[in-house]
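What follows is a short report on a single structure.
Where a number appears in this text, it was derived from the coordinates with a stated rule and is not lab data. If you're wondering where the values come from, they're calculated on a predicted model, not measured in any experiment. Glycine gets a Cβ as well: all are built from the backbone with ideal geometry, and neighbour counts include every protein chain shown.
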């Protein structure tokens, strides 16, 4: 007798099973569903009498009492780390001589502006926050549109379009402002803040503009199946 | 995994060595291969396998290929160039560890403790 194989319908049931066990992201669902399918087929060779559900429960038990949750958490952590490695790589690649000159010029301009009138810091800070919030909101909308089109959630896509949790670090310049509104700001402090702010502008540009614009290329690398699925 | 504490630290080394020998493999295949080689003595649990693979992938030591097999998406892992280098280092480290343990534990004249 030929060994039993997983049908298309059962495959869909396996995807549903991963979703039921809190695996939200398609990339991980596909990997785990394929794993379970292989394991069930192997089990059927030894025990052909088992039903699909019985075999599935026996195989799922092997994942331990936490089921898929550890795998999901570790995957999230791993891809966050990969994102920041990518940011760093991109940062080094944009750090050409003209860009260094631009950063220096920007920091120099802000330093003089702050020294002349220390409340001008508020202007730079608000410029940064307003532009970031606006762009972050646009990216969020774009991400939802993409999700609707593919009907799937991809973890790395979500990280890219939320800019690695950029919303959390966006108010950092606001924190710095505590030092800025005292009378008689020191030259040293003004210089440090200007450099930090200039770097923040570059980071903003990197994660909010440059990297989402290149999303397709990154996603293709992280998920070779990304293109496969789209054309299927 | 059997005697988990002893094997745990070597999991990534085992994975990389397997990938070096077999070119590319998918998760389930790895668990089966380990079972086969160790005659069922060592059983890599799914809960340990995937996080280890994903971590190696995020570190750039592994890259993935995806193919449709039996109408299912199958994700294969293989060593990158940096993974190959890392594999050599880790194997050397593991061999040294084994040698030292043999000297320490396998030497009947030496008393521990």
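Quick one: Cα centre-to-centre distance for the stretch A:120-167 and the stretch B:4-23, in angstrom? Measuring centre to centre over Cα atoms gives 39 Å. Of the Cα atoms belonging to the stretch A:8-67, the radius of gyration and Dmax stand at 11.1, 33 Å. Of B:81, B:67, B:46, which is the most mobile in a GNM of chain B whose springs link Cα atoms less than 10 angstrom apart? Maximum among the listed residues: B:67.
Taking the longest Cα principal axis of chain B as reference, the axis of helix B:11-22 is set at about 60 degrees. Of A:176, A:160, A:50, the residue with the greatest mean-square motion in the GNM of chain A, using alpha carbon springs below 10 Å, is A:50.
I need A:154, A:137 ordered by Cβ neighbour count within 10 Å, fewest first.
Values: A:154 24, A:137 10.
So the ranking, lowest neighbour count to highest, is A:137, A:154.
Computed from the Cβ-Cβ distance with R0 of 25 Å, the FRET efficiency linking residue A:5 to residue A:58 stands at 0.90.
By how many degrees, between 0 and 90 and to the nearest 10, does the Cα long axis of helix B:81-105 differ from the longest principal axis of chain B? The angle comes out near 30 degrees.
State whether chain A is rounded, prolate or oblate according to the following rule on the C-alpha gyration tensor (a ≥ b ≥ c being the square roots of its eigenvalues): a/c under 1.5 gives rounded; otherwise a/b larger than b/c gives prolate, and the remaining case gives oblate. In terms of gyration-tensor shape, prolate.
Which of rounded, prolate or oblate describes the stretch B:4-94 when judged by the alpha-carbon gyration tensor and an a/c cut-off of 1.5? Numbers along the way, then the final one.
On the way: a/c = 1.74, a/b = 1.14, b/c = 1.52.
It is oblate, given that a/c is not under 1.5 and a/b is not larger than b/c.
Axis angle, to the nearest 10 degrees, between helix A:26-46 and the longest C-alpha principal axis of chain A: 20 degrees.
A simple spin-label model places pseudo-atoms 7 Å from Cα toward Cβ; at residue A:93 and residue A:66 they are separated by 3.4 nm. Over the residues of the protein assembly as shown, the helix contribution to mean residue ellipticity at 222 nm works out to -22500 deg cm²/dmol, using -39500 (n - 2.57) for each DSSP H run of at least 4.
Extending 7 Å from Cα along the Cβ direction at residue A:12 and again at residue B:22 yields two label points whose distance is 3.2 nm. When chain B is treated as a GNM with alpha-carbon contacts under 10 Å, the residue of B:71, B:100, B:22 showing the greatest mean-square fluctuation is B:71.
Arrange B:13, A:51 by Cβ neighbour counts within 10 Å, fewest through most, would you? Intermediate results must be reported in sequence, preceding the final value.
Details: B:13 17, A:51 9.
So the residues, fewest neighbours to most, are A:51, B:13.
Applying 1/(1 + (r/R0)^6) with r as the Cβ-Cβ distance of residue B:36 and residue A:142 and R0 = 56 angstrom yields a FRET efficiency of 0.75.
Sort out for me the Cα centre separation of the stretch A:49-71 from the stretch B:33-85, rounded to whole Å. Centre-to-centre (Cα) distance: 20 Å.
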